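Notes follow the structure.
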Amino acid sequence: MGNDGGSIPRRIELVKEKQKDVKQNPDIERSATWLHCALSKLPLEQPVVSDALGKLYNQDSVIEYILDKTAYGDGDKICSHITSTKDIVKLNLAPNPGYDEKLVSADATTMGNLERDIKGRFICPVSMKEMNGKHRFVYLSTCGCAFAEQALKEIQTKECVSCGKPYTSSDIVLLNPTKEELEPIKKAMEANKLKQKAERVRKAKKAARLANMPEGEVVQKKRKRDHSPIKAPLPKKILSGSSTTTAVMNKVAQELAEREKKKPVSDAVKSIYADKGIKGNYLTMGTFNRYA
C-alpha cells in the first residue's frame with residue numbers, strides 16, 4: 001500500500017530535482033546546420049541562399065515560403081524576417097570535389113565523434129577547407145562569394161578574390177553564428193530595417209509634397225543644386241492660344257535682333273568692310289599687282 005513497511009520509497013520519488021538539459025549529439029546538430037536547409041531540413045543543393053543572420057537555405061524552399069507562409073510549420077520561428085527575395089543573398093559556393101553522396105549517407109549512421117571529419121558539399125576556394133562546421137565561414141553580401149573566415153582575414157585586399165567586386169567590412173556576414181553571436185546580429189538587423197522603413201516614409205512624404213507644389217516651384221526644387229540661372233516658365237494664359245503665342249515669339253525675336261544690332265563691332269570686322277583706296281576688281285583687290 002505504501003509506507004507500511006512493505007515498500008521503501010526512493011529519493012527521486014520524494015525529492016523533486018531540477019530536470020537536466022538533454023544534450024544533443026553535436027555531430028547531428030552540426031550536420032543539420034551546415035549540410036541541410038534550415039527551413040525544409042532537406043540537404044543543401046544549388047542554388048543556396050543565406051539571410052542577414054547567416055542561415056543556409058535552399059532557394060526553392062525560401063521562395064515557396066514567401067509565396068505561402070504556411071508551407072512549413074515552423075517557418076515563422078525560423079525565418080519570419082524574410083518577406084521578399086531582397087532579404088536573401090544567393091551564395092556563390094565552390095563545390096567539394098571529394099564529396100560523395102553515398103559515403104555521406106553511410107557515415108550518417110555512425111555519427112558520435114565530434115572530431116570525425118564530416119564531408120561538406122562545398123569548400124573555400126582559397127584555403128580548400130570544407131564547409132562542414134569545423135571551420136568558420138563567411139560570405140560577402142555584395143557578391144555572395146563564401147570563404148573560410150581565416151582565409152579572408154589573411155588576404156589583404158578589399159576586392160573579392162573570386163569575382164573582383166569591392167567590399168567593406170560591413171559586407172562580411174558570418175555563416176551559422178553561435179547563439180552568443182546571434183543576438184547582436186539580430187539587433188543590428190532590426191535597427192537596419194527600422195532605418196530603411198524611416199527612409200521610405202521620408203521619400204514618400206517628399207514625393208507627396210512635391211506633387212502638391214505648383215509647376216514653377218517643383219522645377220526650382222529639382223534644380224536647387226544647379227547654380228545656373230533658372231528661367232521662369234511662361235504663364236499658362238500666354239500658352240493657351242496660338243495667336244498669343246505667335247505674338248510673344250515675334251516680340252522675343254525682335255528684341256533679340258535689336259540686341260544684336262546694338263552689339264559693338266570689333267576692329268577686325270570693321271577692317272574687312274573699310275575702304276582702303278585700292279583699285280581693282282574683287283579678284284585683285286588686296287593682293288600684290290604691279291599693274292595696280
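Give the long-range amide H neighbours of His36: residues separated by 5 or more places, or on another chain, with amide H under 5 Å away, using H modelled in the peptide plane at 1.01 Å from N.
Leu44
For the range 26-177, what number results from the quotient of the Cα radius of gyration and 2.2 N^0.38 Å?
Normalised by 2.2 N^0.38 Å, the Cα Rg of the range 26-177 equals 1.05.
If you plug each phi of the range 76-90 into the Karplus form 6.51 cos²θ - 1.76 cosθ + 1.60 with θ = phi - 60°, what whole-Hz ³J(HN,Hα) values come out, in order, with x for Gly and Pro?
5, 7, 8, 9, 5, 6, 8, 10, 7, 5, 6, 8, 10, 10, 6
For the range 41-47, just list the computed ³J(HN,Hα) in residue order, Karplus coefficients 6.51, -1.76 and 1.60, θ = phi - 60°, integers in Hz, with x standing in for Gly and Pro.
6, 8, x, 5, 9, 4, x
Using a 7 Å offset from Cα along Cα-Cβ at Lys165, what residues in the range 59-98 end up with backbone N under 16 Å from the label point?
Of the residues in the range 59-98, 85-94 have backbone N under 16 Å from the label point off Lys165.
7 Å from Cα along Cα→Cβ at both Glu260 and Thr157: what's the point-to-point distance in nm?
Inter-label distance under the simple model: 6.1 nm.
For Asn212 and Arg10 in one chain, what is 0.36 nm times their gap in residues minus the Cα-Cα distance, to one decimal in nm?
That pair, Asn212 and Arg10, stretches by 64.5 nm at full extension.
Starting from the amide H of Phe137, placed 1.01 Å from N in the peptide plane, find each other amide H under 5 Å away whose residue is 5 or more places distant or on another chain.
Hits under the 5 Å cutoff: Glu149, Leu175.
HN-Hα J couplings of the range 181-192 from phi, Karplus 6.51/-1.76/1.60, θ = phi - 60°, integer Hz, Gly and Pro as x?
For the range 181-192, the Karplus curve yields 7, 6, 4, x, 5, 4, 5, 5, 5, 5, 5, 5 Hz.
Extending each Cα 7 Å along its Cβ direction at Ser271 and Leu174, get the distance between those two points in nm, one decimal.
If labels sit at Ser271 and Leu174, their model points lie 8.1 nm apart.
Counting only the backbone N, which residues of the range 153-186 are under 11 Å from the spot 7 Å out from the Cα of Lys18 toward its beta-carbon?
No residue qualifies, since no backbone N sits under 11 Å from the label point.
Show the residues, 5+ positions off or on another chain, whose built amide H is closer than 5 Å to the amide H of Val126.
The answer is Ala148.
Just so you know, all these numbers are worked out from the coordinates, no wet-lab data involved. Worth saying up front: this structure is predicted, and the values here are computed from it rather than measured. Every residue, glycine as well, gets a Cβ built from its backbone with ideal geometry; the counts of neighbours run over all protein chains shown.
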